[in-house]
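The values are calculated or read from the model by the stated rules, or taken from the named source; none is laboratory data. Worth saying up front: this structure is predicted, and the values here are computed from it rather than measured. Reconstructed Cβ throughout: ideal geometry from the backbone, glycine too, with neighbour counts over all protein chains shown. The area values use the complete protein model at the heavy-atom level, side chains included, leaving out ligands, DNA and RNA. Shrake-Rupley method; radii C 1.70, N 1.55, O 1.52, S 1.80 Å.
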Amino acid sequence: MTHILLRGRDIPDIWKFDVYVKNGGYEAFKKALGMEPKAVIDEVKASNLRGRGGAGFPTGLKWSFIPQSEPVKYVAVNADESETGTFKDREIMETNPHQLIEGALICAWAIQAKAVYIYLRGEFWDLAHELDKRIEEARQAGFIGQDIQGTGWSCEVYTHLGAGAYICGEESALLNSLEGKLGQPRVRPPFPAQKGGGLYGEPTVVNNVETLTNVPWIIANGADAYKKIGTEQSAGPKIFCVSGHVVKPGNYELPLGITLRELLYDHAGGVPDGKAMKAILPSGGSGPIIPATNAVLDTPLTYEDLGKIGSILGSASIIVMDETVDITWVAAKVTKFFKHESCGKCTPCREGTYWLDKVLDRIMAGQARLSDIELIDNIAKNMQGVTLCALGDFAANPIIYTIKNFRDDFMQHVQKAEAKPAPKTRQAAPAGD
Amino acid sequence: MTNTVKIIINDQTYEVPAGMNLVDAAKWYADDDIPVFCYHPKMEPVGMCRMCLVEMGTIEKDRATGQVVLDENGQPKVRWMPKLQTACTTTVSDGLVIRTQTQQVEDARQNVVEFLLTSHPLDCPICDKGGECPLQNLTMAHGPGVSRMEFSDKMRLDKHVPLGDLIFLDEERCIQCARCVRFQDEVVGDDVLAFHERGRSLQIITNSEPGFDTYFSGNTTDICPVGALTTADFRFGARPWELTEVPSICPHCPVGCNISLSTRLDRDFGGKTLIKRVMPRQNEMVNEIWICDKGRFGHHFSRSEDRLEDPLVRERSGSLFAKPWADALAAAAEAFKAAGGDVAAIAGSGMSNEDLWALRQLVAGLGSRRLGAWPPTHAGAEVAAQVGVGAGTNLGQLGRGDAVLVIASDLEEEAPIWRLRLKQAADRGAFLLVMNARPTRMDDFAAQTIHYETGAAVQALQALKDTDTWKHLAEARNLVIVAGAEGLSLDGSRALAGAAANILLETGHVGKANSGLLAVLPGANAMGLHYLGFTPEAAMDIMQNPPKVLIVAQADLLLDDPAAAEWLAKVETIISLDLFASELTQRFAAVALPIQSFAERDGSYVNGERRVQRFYTAQGPMGQALPAWQALSRLGEQLGQGRAKLSAAAVMVEIAQNVPAFAGVSFKELAKVERQYPEVGGKDLYYGGTAYRNRGGLGMQIPTAADQGQTIPPFDVTTVETPKTRGKLVIVPSVRLYNRERTFRPSTPVHARVPEAYAEINSADAKKLGVQDGDTVEITIQNAPALRVRAHVNGGAPKGTVIVPRHLSDTAAPLAVTVGEVSKAEG
Amino acid sequence: MTLSDKKYAQRIQAAFAKYPDKRSAVMPLLYLAQEEYGWVSPEGIQEVAALCDMDPTQVQSIAGFYTMYSEKPKGKYWLQVCTDLACALRGADEFYEQLKAELGVDDGGTTEDGLFTVEHVMCLAACDKAPMLQCNFHFMENLDMDKMRAWIAEKRAEAAKAKK
Ligand SMILES: Cc1cc2nc3c(=O)[nH]c(=O)nc-3n(C[C@H](O)[C@H](O)[C@H](O)COP(=O)(O)O)c2cc1C
Ligand code: SF4
Ligand code: FES
């Protein structure tokens, strides 16, 4: 199939402005400029495009929440891409940057935004500086700046570099970070799309890179054509980031609805060295981990179907683990990540990730007890659903699901520890008073 | 409250004001204390701690008809949210339903407490907050019985981090609620605290220079829900449960903050009562729940080694000797008899109303009416009595649509809590105009700042007429003009108060709450001085025409007025009533009578908003000291002026009978309290912090002439000439909150923050004089000893003007604006 | 030198031009300070604070929140090795252990010659090219120890040459 998003694979030089334009680039934007902003929103709505940043929120609907009466509005492009196992936005921006810029501009026109800020994780240092050049090219061509294409509408596009904080991928933390404040999430409501909730308090659309990169194609080819790709509820192409124990790790742009088996075996080449596949993290470090059973492998990769097998599609970063992997180790590894990335603002996440990490360290150090497994399971459950942002839930998932789906791996640690001479007596901390 | 909504809390329906915060509404209307750590009723919610989780839903309404949908039992159907919600980030709305007592909610609370305790140390037995700690209380109420955290897994952090001179941080105890950070940012406007790092490593830091240096830092220790922040003053000083709380009034400035003196019998003080700390006491009309650090740490003078403990009488040898009261009073009486009516009194504004009345009666009984108010720097009191802020004024209510004008005052230094409250008024949308001859801290919060030529305050005010700025003032719903006297002579300050009054009259902003004049007067009881007949004009007259016998009551003339020694020498006999064995007493007094400080006796002050407020006896007297009213009234008895009064309350009865402004005032009335919103200081310390509930009285406000419906004719505003320089520089005395006044000197914790004596010189002037920032300069003024101070050349002074803060050294700065010369000095 | 040096003027101005308020420029300016001093030094904090009209405390707070601002001086080459799950599944942990051993330093340590600082970091969005690291914000991918040894030797040689 030809690529819609990773077009650099079909036309290697499409990152260049003239090559992009020669291949129909910025035509969709021009077309959109000829449409009423509301009509653009309606077209995106009709396409069933859903957010590719993780939450899968319908994109057109999000745009329609922007109060048109407000004079100042913004678009923030989420290029923070920090989820363990996710590296798709990076390839888009490296190989097909103009399509992202064009998508962001169409969004900006649709909500009549004053400026677009592309928030890149700080580690995309080189990439951001390249992107600045692409933006400048688009500006020179009259797609950015004052009175764009004679419409009377003006819009700027800027990049902003983060500096190493996963939480800044969370939309309200991202906005705080852009404003030069601590990158911690905000209380919602008000949501970014509402007055008071967005960038500098102005209504703001926050969309993922991949999400916006879909938009030019939708405008150029129409919502109906787009809906033909993928399934009823999960329309369009999706980039699947495959990593871990596969022969060919990398990005795969495929229609939503293909099965895990097709993706992992037909495309990614299966597990190296003839080993068996043990477990899959379908949504990076933050989603529920699942055993690689036949039923799981035959599940179509859609928003709706992954829910049925107790996981989520999320950002579709699929980490594969072969039979040699101790899932307890995976839980410990992922927990370190969340402990490191917890912003510290709310209690259950700040304290919970710290505590989980401590107990898992003990387990990994060969001092596991049966009660430790119950303990971390309970700590994680106490973190669920009560935190200020979803990071707390993300941090709880690996524990809850590794224990639920791979309890044996934990039990082995317990048995090993019990076989050893008793460890030094452990002193329990007294209660609060 | 016009707009109300109906909400359901635990199956009961309540009607509450629209737009109210849910935690506040539940507490006020349903008596339901939702536990909180990060939420504070005086600050914006942040939803961080997650302690306030409740079950939340809305009553379902039929989309088409708008009718409430009923369930099978005929009850309104509730659509419950799948997850618990934070009450603190919820604004009440019609049909909101919450449950706060279910198992699910209780579990969530227990979990949050458990999480917080995982890294909290268990040092309650040595923690200053122990006994009044929100975390301790909420642990008892909601916490788990045992810990599942291994002791060795706990965080080990620094337990002694000085954030500045006054506040210490215990990193282990901090629960990252950000109350202190938000207080500094939202309430104070000095964002000198912040979080550092993230996750469990999140810690409070300050990186300002000097550290955590604001006048309001102590308040963070009150609102900190754990013992993470403690003051240098109280740290390890006493246990909260050993303390007795005595309602009092801060004696340091015209705001009149309501405070609570925490006392105990102290081993280090001979087993006698001693103030261990000063805490804010809630009075929403005056100081809400805040006090400044001067109020908090400025109580040590009451136990100063400098206190005068015995009556002194000067013998023929010229030396003073301690005498029994009877002898001293007899000696004083002798002097009065010999004066033949040529008697006068000068009283400072630390004197209570009762003291002042007794003094006035004594002087009147001797046939004189010469009653001077000290220091004679501000003439605004008489104008404020006519068109002052209307009865019922609450600066906390000013906001959008209102306007505030501050003129000729460095408000942060002169009346810190007014500055705090007006900054917040500006945040709420009030138009804040700040007019001064030089930049002040208040400029930072102003919508507009005007810098006029030194001394030209009246002209600057008059020049506003018909400008756009004028429109903001004239069209404002409420207008408060805050007028000081910096850079003005006494006549100049009278003219300024009058000019301000004229604007208020012209724009119809008198005689109603939240509008009118606020005079920034010196000291705690300048309005009391006015109402009881003491005037700065009389003081000036006394300085020019010294009487035979002069009573100097709680006025530090030598530290205030460089010319004092000269004119005091012309007085035959000086009777002093003093807290301290001051230089004045040592050098000039024929008889010195030791009097009690505000903390040792009952009495009342009138604050700048004309609120009569009562304070109570907190600790025993120093030596033989008596309340001034008592000493004076006994003296009167000696002179045959009738029986001495037996109590301050009895004196107030007499005042109320004789002084119309005090009609209806009595100690009993002053002690009355009513429920205040938000309700702090109850057992739920977690809600508002450790500020005390007001049990000593909210006071009574004296109505202005305008409040009483009198027509006030425009004030005569003769513009006063600014001093002619003729090649000299204009010397403007200014006020610094932290200084070396006798009532502040003994507060050692704050010493490091009292600036070394300095003068601000404009860079152009400095250049001409060959003076650089940091040089020592000598300032010579006619009829006064030269001042040696450090030069500050930092843009603070306008060209041609030298700002000389008062009370930074033992050499008095000039009493009012004057001219002088500056030269570079060695050293 | 300081941030007031001419060579930064244009970049400082460009940073301010992006945002409607000064405070938003704090992150780009902290990068400049780091470039100037090699780390986010106290002078850097003060200068950024003055430029952005912020209290230095707030600037320090921002510097402390993000891992890419270093509040400690570090080596000429700041090697941040991703040892997160996806990379670890492809040998990143072993790679990192060997790298530390090769350089003779612990996690977060700097070599005695002041050339290399190593630390492990979380996912850098290059999981398909593991093991990988970030050297002074530039990615080095599909690494193994042979490549690393050659690279280290090269950098040491360069440094020795520069000394002469
Ligand atoms: C902790 C956390 C991290 C996130 N990180 C990212 C990210 O790196 N990139 C991203 O696009 N969305 C991320 N999200 C999701 C965003 O909050 C937001 O939903 C998304 O940017 C919306 O864009 P979309 O509708 O186009 O998906 C994250 C969310 C959370 C809670
Ligand atoms: S869940 Fe974690 S990351 Fe999200 S606000 Fe709470 S502490 Fe911060
Ligand atoms: S989250 Fe509501 S009180 Fe802290």
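The protection proxy used here, the mean number of other Cβ atoms lying within 10 Å of each residue, ranks peptides A:29-36, A:329-336, B:605-612, C:56-63 as follows, highest first: B:605-612, C:56-63, A:329-336, A:29-36. Taking max minus min of the alpha-carbon positions on each principal axis, segment A:327-419 gives extents of 41, 21, 19 Å, largest first.
Using a probe of 1.4 Å on the protein chains alone, the accessible area found for residue B:371 is around 10 Å². Take each peptide in B:125-131, A:65-71, A:43-49, count the other Cβ atoms within 10 Å of every residue, and average; sorted highest first, the result is A:43-49, B:125-131, A:65-71. Dipole magnitude for segment C:6-65: computed about the Cα centre from +1 point charges on Lys and Arg Cβ and -1 point charges on Asp and Glu Cβ, it is near 260 debye. Think of segment C:78-130 as a dipole: +1 on every Lys or Arg Cβ, -1 on every Asp or Glu Cβ, centred on the Cα centre; then among C:110, C:80, C:98, C:80 lies furthest on the positive end. Output needed: percent of Cα pairs per 10 Å distance bin for the protein assembly as shown, bins running from 0 to the one holding the longest distance. Distribution as computed: 1, 8, 14, 18, 18, 15, 11, 8, 5, 2, 1, 0, 0 percent. Between residue B:475 and residue B:316, what FRET efficiency follows from the Cβ-Cβ distance if R0 is 60 Å, with the result rounded to 0.05? Once rounded, the FRET efficiency stands at 0.30. Each principal axis of the Cα cloud of chain C was evaluated for its coordinate range; sorted largest first, these ranges are 48, 42, 24 Å.
Averaged over peptide B:146-156, how many Cβ atoms belonging to another chain are found within 10 Å of each residue's Cβ? Walk me through the intermediate numbers first.
Working: counts 5, 5, 11, 11, 10, 5, 6, 9, 3, 2, 0.
Average per residue, whole number: 6.
The simple Förster model, with R0 at 30 Å and r as the Cβ-Cβ distance, assigns residue B:586 and residue B:637 a FRET efficiency of 0.60. A straight chain from residue B:566 to residue B:465 at 0.36 nm per residue would run longer than the Cα-Cα distance by 31.9 nm.
Counting only alpha carbon atoms, the long axis of helix B:648-658 and the longest principal axis of chain B meet at about 70°.
Quick one: work out the % antiparallel among DSSP beta bridges in the protein assembly as shown, nearest 5.
Values: 91 of 172 bridges.
So the antiparallel bridges amount to about 55 percent of the total.
Using only the Cα atoms of segment A:7-227, build the gyration tensor, take square roots of its eigenvalues as a ≥ b ≥ c, and label the shape rounded, prolate or oblate: rounded if a/c is under 1.5, else prolate if a/b is larger than b/c, else oblate. Here segment A:7-227 falls in the rounded category.
What average number of partner chain Cβ atoms lie no more than 10 Å from the Cβ of the residues making up A:121-134? Walk me through the numbers before you get to the answer.
Details: counts 4, 8, 14, 4, 7, 3, 2, 1, 0, 0, 0, 1, 0, 0.
So the per-residue partner count for this stretch is 3.
Ranking A:243, A:371, B:825 by how far each Cα lies toward the positive end of the dipole of the protein assembly as shown (charges on Cβ) leaves B:825 at the top. Relative to the globular-protein estimate of 2.2 N^0.38 Å, the Cα radius of gyration of segment B:492-563 stands at 1.43. Computed over protein heavy atoms with a 1.4 angstrom probe, the accessible surface ordering of B:428, B:441, largest first, is B:428, B:441.
The tail of the calculated P(r) for segment B:587-693 beyond 17 Å holds 67 percent of all Cα-Cα pairs. Pair-distance distribution of chain B: all C-alpha pairs, bin width 20 Å, starting at 0; shares per bin in whole percent are 15, 45, 32, 8, 1, 0. Based on Cα atoms of chain A, Rg over Rh with Rh as the Kirkwood radius reads 1.01. The residue C:107 and residue B:725 beta-carbon pair, evaluated with R₀ = 51 Å, returns a calculated FRET efficiency of approximately 0.15.
What 222 nm value per residue comes from the helices of the protein assembly as shown, counting each DSSP H run with n ≥ 4 as -39,500 (n - 2.57) and dividing by all residues, nearest 500 deg cm²/dmol? Don't jump to the answer; show the numbers that get you there.
Details: 48 runs with 455 residues, N = 1424.
-9000 deg cm²/dmol, from helical runs alone.
Summed over both chains, the contact between B and A buries some 3500 Å² of accessible surface at a probe radius of 1.4 Å. Starting from the Kirkwood radius over alpha-carbon pairs of segment A:237-322, derive D by Stokes-Einstein at 20 °C in a medium of 1.002 mPa s and give it in µm² s⁻¹. Using the Kirkwood radius from Cα pairs, D works out to 175 µm²/s.
Given 4 °C and 1.567 mPa s, how large is the Stokes-Einstein diffusion coefficient of segment A:1-113 in µm²/s, with Rh as the Kirkwood radius over Cα pairs? Show your work: numbers first, answer last.
Values: Rh = 15.2 Å.
This corresponds to a translational diffusion coefficient of 85 µm²/s.
The P(r) of segment B:44-152 has a tail past 21 Å containing 51 percent of all C-alpha pairs. With every protein chain present, what accessible area does residue B:754 have (1.4 Å probe, heavy atoms only), rounded to the nearest 10 Å²? Taking all protein chains as shown, residue B:754 has close to 30 Å².
Exceedance of the 31 Å cut-off in Cα-Cα distance is limited, within the set A:275/A:381; B:61/B:83; B:6/B:672; A:345/C:18; B:6/B:512; A:227/C:129, to A:275/A:381; B:6/B:672; B:6/B:512; A:227/C:129.
Seen from all sides and averaged, what is the projected area of the convex hull of the Cα atoms in segment B:728-790, in nm²? Before the final figure, lay out each step's value.
Details: hull surface 21.2 nm².
Average projection, Cα convex hull of segment B:728-790: 5.3 nm².
Here the mean projected area of the convex hull built on the C-alpha positions of segment B:690-823 is 13.7 nm².
With charges set only on the Cβ (+1 for Lys and Arg, -1 for Asp and Glu), what does the dipole of segment C:77-163 come to about its Cα centre, in debye to the nearest 20? All intermediate terms of the calculation are to be shown ahead of the outcome.
Details: 9 positive and 16 negative charges, 77 e Å.
Charge dipole, segment C:77-163, about its Cα centre: 380 debye, nearest 20.
Nearest 5 is fine: what % of DSSP beta bridges in segment B:686-827 come out antiparallel, could you say? Around 65 percent of the beta bridges assigned by DSSP in segment B:686-827 are antiparallel ones. Accessible surface of chain B, 1.4 Å probe: 48 percent of it comes from carbon and sulfur atoms. Axis angle, to the nearest 10 degrees, between helix B:325-339 and the longest C-alpha principal axis of chain B: 50 degrees. Ranked by solvent-accessible area (1.4 Å probe, protein heavy atoms only, all chains present), the residues C:107, B:402 order from largest to smallest as C:107, B:402. Volume of the convex hull of segment A:99-146 (Cα atoms only), normalised per residue: 76 Å³. If you fit an axis through the alpha-carbon atoms of helix B:416-427 and take the longest principal axis of the Cα set of chain B, what angle between them do you get, 0 to 90°, nearest 10? Long axis of B:416-427 versus the principal axis of chain B: about 50 degrees. The amide H of residue A:195, built 1.01 Å from its N in the peptide plane, has no neighbour under 5 Å, considering only residues 5 or more places off or on other chains. Computed from backbone phi, the HN-Hα couplings of segment C:72-89 come to 10, x, 9, x, 4, 10, 9, 9, 10, 9, 6, 10, 6, 3, 4, 5, 4, 5 Hz, rounded to whole numbers (Karplus: 6.51 cos²θ - 1.76 cosθ + 1.60, θ = phi - 60°; Gly and Pro given as x).
Segment B:145-234: which trypsin sites (Lys or Arg not before Pro) are DSSP loop and have at most 10 other beta-carbon atoms within 10 angstrom? Walk me through the numbers on the way to the answer.
Working: sites: B:148, B:154, B:156, B:159, B:173, B:179, B:182, B:198, B:200; in loops: B:148, B:154, B:156, B:159, B:173, B:198.
Counting only loop positions with at most 10 other Cβ atoms within 10 Å, the trypsin sites (Lys or Arg not before Pro) in segment B:145-234 are B:156.
Rounded to two decimals, the Cα-based Rg/Rh of segment C:6-65, with Kirkwood Rh, is 0.93.
Shape index of segment C:77-163: Rg/Rh, with Rg the Cα radius of gyration and Rh the Kirkwood radius from the inverse mean 1/r over Cα pairs, equals 0.96.
How big is the antiparallel share of DSSP beta bridges in segment B:279-414, given as a percent to the nearest 5? Counting DSSP beta bridges with both partners in segment B:279-414, the antiparallel share is about 50 percent. Assuming charge only on the beta carbon of Lys and Arg (+1) and of Asp and Glu (-1), the dipole of the protein assembly as shown about its Cα centre is about 1100 debye to the nearest 20. Selection among A:285, B:28, B:442 by position relative to the dipole of the protein assembly as shown gives B:28 as farthest towards the positive end (Cβ unit charges, Cα centre).
Stretched out straight at 0.36 nm per residue, the stretch from residue B:157 to residue B:513 would grow longer than its current Cα-Cα span by 123.1 nm.
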